Amino acid sequence: YLGDSVLERISWNDRDKRTLDRMVAGRLAGRKRLLCISHSAYHLKVFYHLLNILKRTRQKPELVIVPINMRSFSPQWDLNSAWQFDEEIDILKKYIETPGMKIPVLGKPVDSVPLTEAEKMMEVKYPFTEFNRLGEFHDLIKSNPSTEDEKRWRKKQIYIFHYLHPLSSTHPRLQALPMIMELLCELNIGMLAYVTPINYQGGARFIGEEFVDVLRINIGVARDLIARFPVWDAFHFLDLSEALSSEYFFHADEATEHLNQDGRAQLAEKIANEIFLMDVKKNGVPAI
């Protein structure tokens with residue numbers, strides 16, 4: 001199970017402190033063993049290079065679970081210098097070239113790096129906003145408005161920044177998805193890919209139903225890219241972007257994908273059930 005912070009975050013109000021991957025493992029207990037590799041802001045490009053290591057391993061998993069986080073394609077995430085993981089990717093590439101090499105100690109990870117002046121002036125394209133520079137959005141996020149109207153306007157811009165950047169099929173991170181599919185098909189490993197749940201109701205409250213319309217268009221780009229690949233029997237795809245209502249996130253207006261205990265439990269159930277369904281299709285009998 002590969003993942004980002006959605007797998008790791010728990011809410012302060014949660015009584016059940018299990019992370020998402022542990023909830024999935026609990027539902028699979030006695031039938032499947034689960035290994036999770038996750039880190040805040042990991043994305044499809046990192047996933048591809050991690051999975052590439054399986055070319056050199058004697059033992060391989062039966063199935064790989066790959067979340068497709070739509071925010072990972074946004075300039076908010078995609079252009080964050082701290083979230084590129086170039087050092088990790090370079091090490092993984094070198095390991096493929098030299099199997100058994102000693103893995104060097106990584107530098108201490110940082111969650112944020114100040115924007116350079118050039119990055120602040122970088123043009124970005126979004127609907128429903130007058131902002132068109134990366135620095136404008138970053139300055140807004142750091143702001144602390146005092147009135148309710150200002151707070152609402154700020155939240156609206158954050159939803160736009162996170163999710164409504166028009167997605168192209170040529171986006172480098174999205175291009176890693178068919179590479180992952182091709183790799184796993186070559187290695188005869190199953191794949192369950194799903195679009196991470198998004199607080200679409202929160203976005204609609206601040207922007208209108210147009211938020212969901214644009215979101216669906218972006219997800220359609222990813223789905224169309226998948227459809228171009230000759231899908232093998234051991235592949236399942238789930239669009240869970242609208243699977244959970246606002247009550248299942250950290251709070252009703254949460255503009256990230258972080259889920260509270262009930263949201264994690266709901267998502268874990270959907271993932272586990274799909275894995276069992278894949279078993280039925282593969283073996284003709286339930287894994288229960």
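For this structure, a couple of remarks:
- Residue in the stretch 93-100 that is more than 21 Å from P178 (Cα to Cα), in contact with a Gly (Cβ under 9 Å, 6 or more places away or on another chain) and not in a loop (DSSP other than H, G, I, E, B) present: no
- Summed over the stretch 68-116, residues that are of a type in the set (V, I, T) and surrounded by fewer than 12 Cβ atoms within 10 Å (Cβ to Cβ) total 5.
- Number of residues in the stretch 23-38 that are within 25 Å of E247 (Cβ to Cβ) and buried (at least 16 other Cβ atoms within 10 Å of the Cβ): the value is 5.
- The set of residues from the stretch 114-160 being of a type outside the set (V, I, T), in a loop (DSSP other than H, G, I, E, B) and touching a residue at least 12 places away in the same chain (Cβ under 8 Å) comprises L115, M121, M122, K125, Y126, P127, F128, F131.
- Failed condition for R223, given (1) modelled with pLDDT under 95; (2) of a type outside the set (G, A, S); (3) in a helix (DSSP H, G or I); (4) open to solvent by 60 Å² or more (accessible area, probe 1.4 Å): (1)
The values are calculated or read from the model by the stated rules, or taken from the named source; none is laboratory data. Since the model is a prediction, treat every value here as computed from it, not as a measurement. Positions of Cβ are generated from backbone atoms using ideal geometry, with glycine treated the same way; all protein chains shown enter the neighbour counts. The area values use the complete protein model at the heavy-atom level, side chains included, leaving out ligands, DNA and RNA. Shrake-Rupley method; radii C 1.70, N 1.55, O 1.52, S 1.80 Å.
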